[in-house]
Amino acid sequence: MTVHKNLVAGGWQDASQAKENINPSDISDIVGQYAQADSATVEAAIAAAKAAAPAWGGSTPQQRFDLLDAVGTEILARKDELGNLLSREEGKTLPEGIGEAMRAGAVFKFFAGEALRIAGEKIASVRPGVDVEITREPLGVVGIITPWNFPIAIPAWKIAPALAYGNTVVFKPASLAPGCAWAIADILAKAGVPDGVFNLVMGSGGVVGNTLLDHTDVAGISFTGSVDTGRQVAAHCAARLAKVQLEMGGKNPLVVLDDANLDVAVNCAVQGAFFSTGQRCTASSRLIVTAGIHDRFVDAVLSSLQSLKVDDALAAGTQIGPVVDGDQLDKNLEYLEIGKSEGAKLAWGGERLSRDKDGFYMAPALFTEANNSMRISREEIFGPVASVIRVKDYDEALAVANDTEFGLSSGICTTSLKHASHYKANAEAGMVMVNLPTAGVDYHVPFGGTKGSSYGSREQGRYAAEFYTTVKTAYTAP
Ligand code: NAP
């Protein structure tokens, strides 16, 4: 089997070791072999990115637009193939995989446009005869570290703005899903990205990630992943005063009030909690339901869950694919035991499933009679597991929703304008959804959270400029 190599200084580089990328729907299916960079390779990639930074930083908006637009066009043209690769390596269903590939293409196109809109300000000085100009400049070399659960969209929403604003990139994807990362690198190379402007270094967090974090020539790190890793990333960056941006976990609440439209609420809960196998930072893992609708809501969610088809991510009609790997599956099953031992009632699902092919399948699980102090309500499980917490009224629902160390996405289902407006203003989260699932966002507006979910400036939309540029204030006297 050919080994997919790292891209360093414009050349494809082999490594002494390679890692298999295994299809979680069918563990006999090896998606590919991926070269594992050592720290010398990462250092070479950083040196190449540093050497390429002045020319790329000085490139015209038109050059950057042309590159990013071409990459976006290519991703969109190959959405079916890339979506297939994504579903095969990560396990989300094929429609979800294709949708994610389309999102990545759209993100590249959006930031192609942003490259044409980099603006500054000219402000009147308080001193006579002095001009004040405020401009945005690239950081230089940016290190990008991504998780496995959105293996094409998250790389896209970091790489595209990094390049649009004139930075050079060293990109380390998650070890569990390097296929889409390699495909993006290949597309960038074929689209003519200048040597060293974009580098791909696949390999472990401990080796590749740490080398990136500690290298003084890497001016900024954009990271998405778990809180535990995020803390380490922040500590390394703080130690050498590098700019850092972290997007991390969630324990996202979906509040359902007595006056909610039941169909809308059930759809939001099932989509938000279980689709993409619950492996989304924005998944609704806490369903906080007022007493008057509680029983009808639980019955309807249970009947919807019982009809969901869990199977091979690539098979037609599959609604829930497998868990990404055996470790994550074990973790999910362990949390089911924890929930039961804490006194929650496992109302449905949670068992390991066998299918035609040997994969990491489990039935989506719903706990009822949960409360907000249980570990299943406080810790991110990152699987198809949700808990229903019964509350008496809106005020208690809001208090429970906010009682978490996380603050990524927070949803409410209600037909009351008063409660919707109050919730939007008072939910402690970076994103608030009214009558929509907590997961599922637009690609052209900011994405991120508060509290333990995020650290640093926002990603996506024009707010991405905050991280990928630094501001210069220039004064001129006649
Ligand atoms: P993870 O284990 O924290 O890994 C994330 C990335 O960090 C991977 O590329 C990983 O490399 C790397 N890494 C691990 N140790 C490192 C170290 N010491 N130094 C530098 N890099 C290191 O997270 P994951 O399991 O891939 O992803 C799931 C998590 O991501 C969940 O918590 C989820 O909520 C979060 N997430 C957040 C968002 C958001 O925008 N807020 C979006 C998606 C996912 P290896 O793969 O080689 O270990």
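The values are calculated or read from the model by the stated rules, or taken from the named source; none is laboratory data. A quick note: this is a predicted structure, and the numbers were derived from the prediction, not measured. Virtual Cβ from ideal backbone geometry, glycine too; neighbours counted across all protein chains shown. Each accessible area value is taken on the protein alone, full model and side chains, heavy atoms only, with ligands, DNA and RNA left out. Shrake-Rupley method; radii C 1.70, N 1.55, O 1.52, S 1.80 Å.
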Amide H neighbours of H4 under 5 Å, at least 5 residues apart or on other chains, H built in the peptide plane: list them. Q33, Y34, A35
Write down the accessible area per residue of the chain in Å², having rolled a 1.4 Å probe over the full set of protein chains. 38 Å²
Interchain or sequence-distant (5+) residues whose placed amide H lies within less than 5 Å of the amide H of I22 are V31
Order of 57-67, 457-467 by packing, highest average Cβ count within 10 Å first? 457-467, 57-67
Rounded to 10°, Cα long-axis angle of helix 326-341 versus longest principal axis of the chain: 40 degrees
Quick check: the distance between the Cα centres of the range 441-478 and the range 109-137, to the nearest angstrom? 15 Å
Work out the charge dipole of the chain with +1 on the Cβ of Lys and Arg and -1 on the Cβ of Asp and Glu about the Cα centre, then indicate which of L257, A104, L163 is farthest towards its positive end. L163
Carbon/sulfur fraction of accessible area - the range 246-294, other protein chains in place, 1.4 Å, %: 48 percent
Local net charge near T469, Cβ-Cβ under 12 Å (Lys/Arg +1, Asp/Glu -1): +1
In µm²/s, what is D for the range 273-382 at 4 °C and 1.567 mPa s, where D = kT/(6 pi eta Rh) by Stokes-Einstein and Rh is the Kirkwood radius from Cα pairs? 89 µm²/s
Coordinate range along principal axes, alpha carbons of the chain, Å, largest first: 72, 65, 40
Interchain or long-range residues, amide H under 5 Å from S410's placed H: M431, V432, M433
If I histogram all Cα-Cα distances within the range 5-136 using bins 5 Å wide from 0, what percent of pairs lands in each bin? 2, 9, 10, 11, 14, 16, 14, 8, 5, 3, 3, 2, 1, 0, 0
Could you please put D69, D258, D312, D299 in sequence from largest to smallest accessible area, using a 1.4 Å probe? D299, D258, D69, D312
Using the Karplus curve 6.51 cos²θ - 1.76 cosθ + 1.60 with θ = phi - 60°, what ³J(HN,Hα) values do you get for each residue of the range 267-272, in whole Hz, with x for Gly and Pro? 4, 4, 5, 5, 4, x
Can you send over the carbon and sulfur percentage of the accessible area for the range 92-156, probe radius 1.4 Å, protein chains only? 60 percent
What is the helix-to-structure angle for 79-90, meaning the angle in degrees between its Cα long axis and the longest Cα principal axis of the chain, kept from 0 to 90 and rounded to the nearest 10? 60 degrees
Residue (of G383, A401, N372) at the positive-pole extreme of the range 367-413, dipole from beta-carbon charges: G383
So how do 117-123, 191-197, 363-369 stack up, highest first, on mean other-Cβ count within 10 Å? 363-369, 191-197, 117-123
Taking the alpha-carbon distance from K340 and a cut-off under 18 Å, which lysines remain once sequence neighbours fewer than 8 residues away in the same chain are dropped? K331
Given I46, G129, N149, which one lies farthest toward the positive end of the charge dipole of the chain, if we put +1 on the Cβ of every Lys and Arg and -1 on the Cβ of every Asp and Glu? G129
Could you state the per residue volume, in Å³, of the convex hull enclosing the Cα atoms of the range 142-201? 66 Å³
In deg cm²/dmol and to the nearest 500, what is the mean residue ellipticity at 222 nm of the chain if only DSSP H runs of at least 4 residues count, each as -39500 (n - 2.57), divided by the residue total? -12000 deg cm²/dmol
Looking at the range 262-321, what % of the alpha carbon pairs are farther apart than 13 Å? 63 percent
Three principal axis extents, largest first, for the C-alpha atoms of the range 198-351, in Å? 58, 35, 34
